[in-house]
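Written below as structure tokens is the structure these notes are about.
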Amino acid sequence: MIEVEVVQLLVSPVHRFAGRPADGPADGPGGELVESVRVRGGLGLVGDRYFGRAAHRDAAVTLMAAENLPLDVNPAADLRHTRRNVLLRGVDIDSHVGSTIVLDGAHGPVVFAVNRPARPCAWMDVTVGPGAQRALRGRGGVRCTPLSDGVLALGGATFRVLDEDSAAPR
């Protein structure tokens, strides 16, 4: 078990990166950064643009390590720029592809299947700054399916990996 911090949570009801990066992102609503969010197993984050969409069930929630934000490219970079949902400090989340993980915070545990890397696209050079796409290669976060209902909130939490064979912590 590892002590981590949930640094930011982003829930966006709209997709802002459509078309060509050179055209820039569409305007987004205010209030995308939240203090807590309800998670529904198999569906995603309540209120998010990917919630309940069959095509995105294996990628409904994206986790990213705060240590991987390209702050050398843009010191103000955060989830609004990277379009990830959960920013964690204290764990190399990118190394857990293929695992089942548990984030256990103030509101109890939430279980996620870590399905695949979240590969950075050309939009990163527009929203974060030139060089961000390259800086995020192999460090852009992970796409997940929530396996349980729960609530994620900002602040301290524990992170653990479940053994795939026996569902016991390792």
Round to a whole angstrom and tell me the spacing of the C-alpha centers of the range 31-80 and the range 117-166. 8
Relative to the Cα centre, what is the charge dipole magnitude of the chain, using +1 at the beta carbon of each Lys and Arg, -1 at the beta carbon of each Asp and Glu, and rounding to the nearest 20 debye? 540
What is the distance, in nm, between label points placed 7 Å from the Cα along the Cα-to-Cβ direction at Glu35 and at Ala55? 3.6
Using the Karplus equation 6.51 cos²θ - 1.76 cosθ + 1.60 (θ = phi - 60°), what ³J(HN,Hα) coupling, rounded to whole Hz, does each residue of the range 145-151 give in order, writing x for Gly and Pro? 10, x, 9, 9, 7, x, 10
Share of the chain's accessible area from carbon and sulfur, percent, 1.4 Å? 50
Below 8 Å, C-alpha to C-alpha, sequence gap of six or more: please give me the relative contact order for the chain in percent. 32
Average accessible area per residue (Å²) across the chain - probe 1.4 Å, nucleic acids and ligands excluded: 47
At a Förster radius of 25 Å, what calculated FRET efficiency corresponds to the Cβ-Cβ distance of Glu3 and Val97, to the nearest 0.05? 0.70
If I ignore ligands, DNA and RNA and count only protein heavy atoms, how much of Phe51 is accessible to a 1.4 Å probe, in Å² to the nearest 10? 70
Residue order for Cys144, Cys121 - accessible surface, 1.4 angstrom probe, largest first: Cys121, Cys144
So if we plug the beta-carbon distance of Arg137 and Thr158 into 1/(1 + (r/R0)^6) with R0 = 25 Å, what FRET efficiency do we get, rounded to 0.05? 0.30
Mean 1/r over all different Cα pairs, inverted: what Kirkwood radius does the range 71-170 give, in Å? 14.6
The long-range amide H neighbours of Gly105, using H built 1.01 Å from N in the peptide plane and a cut-off of under 5 Å, are Val110, Thr158
Signed unit charges on C-beta, dipole axis of the chain, positive-most listed residue Ala55, Val37, Pro117: Ala55
Quick one: what are the phi-derived ³J(HN,Hα) couplings along the range 56-62, Karplus 6.51/-1.76/1.60 with θ = phi - 60°, whole Hz, x for glycine and proline? 10, 4, 7, 9, 5, 10, 10
The set of residues whose placed amide H lies less than 5 Å from the amide H of Leu88, leaving out same-chain residues fewer than 5 positions away, is Val7, Met64, Ala65, Ala66
Counting Lys and Arg as +1 and Asp and Glu as -1, what is the net charge of the other residues whose Cβ lies under 14 Å from the Cβ of Cys144? +2
From the list (1) 48, 30, 27; (2) 39, 36, 32; (3) 58, 40, 33, can you say which value of Cα extents along the principal axes in Å was derived from the structure given? (1)
Stretch gain in nm, segment Asp149-Arg119, where the contour uses 0.36 nm per residue and the Cα spacing is subtracted: 8.2 nm
Can you work out ³J(HN,Hα) from phi for every residue in the range 89-102, in order, using Karplus 6.51 cos²θ - 1.76 cosθ + 1.60 and θ = phi - 60°, giving whole Hz and x for Gly and Pro? 10, x, 9, 7, 4, 5, 8, 10, 4, x, 9, 10, 10, 10
nm² value of the averaged projected area, convex hull over the Cα atoms of the range 25-112: 6.9
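The values are calculated or read from the model by the stated rules, or taken from the named source; none is laboratory data. Note that the structure is a prediction, hence the values are computed from the model and not measured. Counting neighbours? That spans all protein chains shown, and the Cβs are built from the backbone with ideal geometry, glycine included. Heavy atoms of the whole protein, side chains included, go into the accessibility calculation; ligands, DNA and RNA do not. Shrake-Rupley method; radii C 1.70, N 1.55, O 1.52, S 1.80 Å.
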